[in-house]
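Some notes on the structure that comes next.
Any read-out appearing in this document is the output of simple, stated calculations on the displayed coordinates, not a laboratory observation. Small disclaimer: the values here were computed from a predicted structure and weren't measured. Positions of Cβ are backbone-derived with ideal geometry, glycine not excepted, and every protein chain shown enters the neighbour counts.
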Amino acid sequence: MKNTLILFSIILLLIACNTPYSISEWQKVLKDKGDAKIELVIESKNHSTSKSSGTADGELLFQRLGNLKEVVESFNPEKVVVIESLPDRYHFNLKVTNYPSPQISDLSEDILNFMAEKADFKWKIENRKQSFYSLAVSDSYLLHQAKNVHPEIDQLSSTHPKRVRFIGSLDNFILFLEKIVDTPIRGDVPKLDLKLDIELPNGDTEALLLALKNTYGLTLTPETGLNEAIVITSN
């Protein structure tokens, strides 16, 4: 029995040592888009460092790390991203430089075509029925009262079982909130000349929406309608 256990352990070790791991890197310069540069790194997910997600932004820098859905959603904030018949095996690191980051969605087709070529998938645009939240500012005074008083912090987000906190622009807060409520948020986001500091309850969507309205003057109303979706499938 002891010899059998030893042999079994050796087999497991050999399997672990021979588990395939790959990392690939590519780049492309878009001559017709002011020499915007796309850089893409794809890692197989069995690598220990490939479980993270993150963001980096600058005037001419846009970078996102995460799975395929997270990365594609990041430069298509107005569209639903649907992954069909494509295993979630890879971690993506996308970086776009020499292009204004607030206008990154203008490069959506270029980036998607580049990613599709390198990650071996195909994509199309479809209209799909979708549940979403409609955003409205119900109390502008309350919203402005949430001004960040920590100028040394440009952006911060933290998620705990009972509380979530975000410091940053309203645009980025809406993107953060979409992940918390796991539902797209639609509506015209007002341009604010200030950063916000918002803290909300977590784990209870109804309590979160109530606090968002009563404390920060932002109302989310559930709705259903057709929305453009990026549908990604295997080749």
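Observations, loosely collected:
- Net dipole in debye of the chain [+1 Lys, Arg Cβ; -1 Asp, Glu Cβ; about Cα centre; nearest 20]: 720
- Under 16 Å from Lys122, Cα to Cα: lysines that are on another chain or at least 8 residues apart: Lys69
- With at most 15 other Cβ atoms within 10 Å, longest stretch of the chain clear of loop trypsin sites (Lys or Arg not before Pro) (DSSP): 90-161
- Tensor-based shape of the stretch 71-129 (alpha-carbon gyration tensor, a/c under 1.5 rounded, otherwise prolate or oblate): oblate
- Positive-end residue of Pro102, Ala119, Ser140, charge dipole of the stretch 93-140 with Cβ unit charges: Ala119
- Under the shape rule built on the C-alpha gyration tensor, where the axes satisfy a ≥ b ≥ c, the stretch 177-228 is oblate, since a/c reaches at least 1.5 while a/b does not exceed b/c.
- Taking every alpha-carbon pair under 8 Å whose residues sit at least 6 apart, the chain reaches a relative contact order of 22 percent.
- Hydrophobic long helices, here whole DSSP H runs in the chain with Kyte-Doolittle means of at least 0.5 and Cα atoms spread over 20 Å or more along the helix axis, are found at 2-17.
- Option label - Cα extents along the principal axes in Å computed here, alternatives [x] 71, 55, 41; [y] 50, 38, 33; [z] 63, 37, 32: [x]
- Relative contact order, whole percent, for the stretch 129-227 stands at 47, derived from Cα pairs under 8 Å and 6 or more residues apart.
- Using C-alpha pairs below 8 Å separated by at least 6 residues, the relative contact order for the stretch 22-119 is 31 percent.
- Long-range lysine pairs (8 or more apart or interchain), the stretch 129-227, Cα under 24 Å: 14
- Using the Cβ of Pro222 as centre and a radius below 12 Å, the other residues enclosed give a net charge of -1, where K and R count +1 and D and E count -1.
- P(r) tail fraction, the stretch 22-119 - alpha-carbon pairs more than 16 Å apart, %: 54
- Sparsely packed GluC sites (Glu not before Pro) within the stretch 48-130, loop by DSSP, other Cβ within 10 Å at most 15: Glu59, Glu78, Glu84
- Of the GluC sites (Glu not before Pro) in the stretch 201-235, not one is in a loop by DSSP (not H, G, I, E or B) with at most 12 other beta carbons within 10 Å.
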